[in-house]
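This report concerns only the one structure given below.
The values are calculated or read from the model by the stated rules, or taken from the named source; none is laboratory data. Note that the coordinates shown come from a computational prediction; the quantities given were computed from them, not determined experimentally. Every residue, glycine as well, gets a Cβ built from its backbone with ideal geometry; the counts of neighbours run over all protein chains shown.
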Amino acid sequence: MEDHHEKVTGGCLCGAVRYEVRGKPYKITYCHCLSCRKATGAPIVAMVMFRDCEVSYSGQEPQRYDSSPGVRRGFCPTCGTPLTWEGEWDGGPIFEFHISTLDRPDEYAPGRHAFVRHRISWFDVADQLPRHEGSSPSA
């Protein structure tokens, strides 16, 4: 993984919600799961995961939706832009931000695919990245 900045910034389409994350990315993933697809309306989602990080918001606070047990999804209350997946990973709290909402998305290329068993059959990404049936090789 590249050496990323320790301060990551981004926001929603209308600019009402802006965020700043201090910390280093833990994983950068393409997710094919049904929940992520339904939450975004996209055939695949690219997310950057941070754990043990500091997240701060300026402007409006994101609204949150409890999408499944232990999982919240943050979105802009004005324009509806999906921003986060928030939950637990390896026993600790994490934030996953949609790469499309970052100010510098080109700096965060995914390094893996998760939940490929849920992939839409007509959609594929032509890369050689590792593909996992669940969230990780052991899932």
Checklist entry - Pick from the stretch 94-128 the residues that are in a loop (DSSP other than H, G, I, E, B) and in contact with a Pro (Cβ under 6 Å, 6 or more places away or on another chain): which of them is surrounded by the most Cβ atoms within 10 Å (Cβ to Cβ)? => result Arg112
Checklist entry - How many residues, within the stretch 94-123, are within 15 Å of His32 (Cβ to Cβ) and among the hydroxyl-bearing types (Ser, Thr, Tyr)? => result 1
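Within the stretch 1-93, which strands (runs of 3 or more DSSP E) (wholly inside it) include 2 or more residues that are crowded, with 18+ Cβ neighbours inside 10 Å and at pLDDT 95 or above? Please lay out each step first, then the result.
Numbers: elements: 7-11, 17-22, 27-31, 45-51, 54-59, 63-68, 71-75, 82-89.
Because the criterion is at least 2 residues that are crowded, with 18+ Cβ neighbours inside 10 Å and at pLDDT 95 or above, the strands (runs of 3 or more DSSP E) in the stretch 1-93 that meet it are 7-11, 17-22, 27-31, 45-51, 71-75, 82-89.
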Checklist entry - Which of the residues belonging to the stretch 62-93 are under 17 Å from Cys33 (Cβ atoms) and out of contact with any Lys or Arg (no Cβ under 9 Å at 6 or more places or on another chain)? => result Ser68, Pro69, Gly70, Val71, Glu88
Checklist outcome for this item: Scanning the stretch 106-119 residue by residue, those out of contact with any His (no Cβ under 9 Å at 6 or more places or on another chain) and in contact (Cβ under 8 Å) with a residue 40 or more places away in the chain turn out to be Ala109, Pro110, Gly111
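Just one of Gly74, Gly111, Gly134 is over 25 Å from Ala16 (Cα atoms) and in contact with a Leu (Cβ under 8 Å, 6 or more places away or on another chain); which is it?
Only one candidate qualifies: Gly111.
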Checklist outcome for this item: Within the stretch 52-74, residues being within 21 Å of Thr40 (Cβ to Cβ) and either touching a Gly at 6+ places or on another chain (Cβ under 6 Å) or polar (S, T, N, Q) (or both) number 8
